[in-house]
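To start, the structure itself, in structure tokens.
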Amino acid sequence: MKTAVIYKSFLGSTGKYAEWLSEEINADVFRFGQIKKDQFDNYDIVIISSGTYIGWMPLKGYLKKVWQYIKDKNVVVVAVGAASEDDEWSIKSYERIPIDIRSKIKYFKIPGKLGKQTAKDIKKENLEPIFKYVRSL
Ligand SMILES: Cc1cc2nc3c(=O)[nH]c(=O)nc-3n(C[C@H](O)[C@H](O)[C@H](O)COP(=O)(O)O)c2cc1C
């Protein structure tokens with residue numbers, strides 16, 4: 001199935017993950033705002049990804065903006081951040097995504113970095129569950 005990865009990255013890790021996703025599942029990569037509304041028609045799977053910054057995930061606003069064009073597709077959302085998936089703050093960030101959207105997406109939270117010491121946390125293997133999920137579609 002044809003896949004698009006659309007991302008926003010301030011510090012580079014989400015961009016690195018987008019590159020690995022495109023290699024592994026043969027996806028086209030765009031930054032937020034780079035893909036035009038008519039182009040969504042070309043894809044069966046849309047992966048939307050961004051970092052998390054004090055609970056704010058740019059992917060939330062972007063999802064709301066493009067939802068009308070992607071709501072009938074397989075939408076996979078990948079939040080990148082230093083807090084683990086079950087952390088209270090990660091749950092709060094996730095719950096900021098409107099419920100009607102949340103109920104129709106497949107959501108993942110994967111490790112980000114908090115400086116040079118934690119750059120090693122950005123590993124391709126963190127994407128394994130996403131590779132597996134996308135291949136199952
Ligand atoms: C100012 C700031 C705030 C952050 N807040 C959060 C947060 O609330 N939750 C979280 O999981 N990670 C948080 N992080 C970690 C970032 O999400 C992490 O650095 C991630 O790799 C950023 O993605 P990017 O490299 O694509 O910009 C924060 C980082 C910075 C610099």
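Every read-out reported here was derived from the displayed coordinates using simple, explicitly stated rules and does not represent laboratory data. As the structure is a prediction and not an experimental result, all values here were calculated from the model. Backbone-built Cβ (ideal geometry, glycine too); neighbour counts: all protein chains shown.
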Point to revise | Residue list for segment 38-57, filter: near the ligand (Cβ under 9 Å from one of its atoms) and outside any loop (DSSP other than H, G, I, E, B) | key: Ser49, Ser50, Gly51, Tyr53, Trp56
Review point. So, in segment 58-86, of the ones that are hydroxyl-bearing (Ser, Thr, Tyr) and touching a strand residue (DSSP E or B) at 6+ places or on another chain (Cβ under 8 Å), which residue ends up farthest from the ligand (Cβ to nearest atom)?
Key: Tyr62
Exercise for review: Could you check, for segment 120-137, whether at least one of its residues is surrounded by fewer than 12 Cβ atoms within 10 Å (Cβ to Cβ) and farther than 19 Å from Val5 by Cα?
Suggested key: yes
Review point. Does Lys71 satisfy the criteria of being among the charged types (D, E, K, R) and loosely packed, with under 15 Cβ neighbours inside 10 Å?
Key: yes
Practice item. Spot the failing condition for Ser93; the list is (1) exposed (fewer than 12 other Cβ atoms within 10 Å of the Cβ); (2) near the ligand (Cβ under 8 Å from one of its atoms), and only one is missed. Key: (1)
Study note, to complete from the structure: If we keep only residues of segment 36-62 that are surrounded by 13 or more Cβ atoms within 10 Å (Cβ to Cβ) and aliphatic (A, V, I, L, M), then the residue farthest from the chain's Cα centre (by Cα) is Ile45
Review point. Got at least one residue in segment 16-35 being in a helix (DSSP H, G or I), over 15 Å from the mean Cα position of the chain (by Cα) and among the basic types (Lys, Arg)?
Key: no
Practice item. Check off (1) out of contact with any strand residue (DSSP E or B) (no Cβ under 6 Å at 6 or more places or on another chain); (2) in contact (Cβ under 8 Å) with a residue 40 or more places away in the chain for Gly15 and give me the number that stays unchecked. Key: (2)
Revision key, fill the gap. How many residues of segment 104-124 are of a type outside the set (Phe, Trp, Tyr) and under 16 Å from the mean Cα position of the chain (by Cα)? The answer is 11
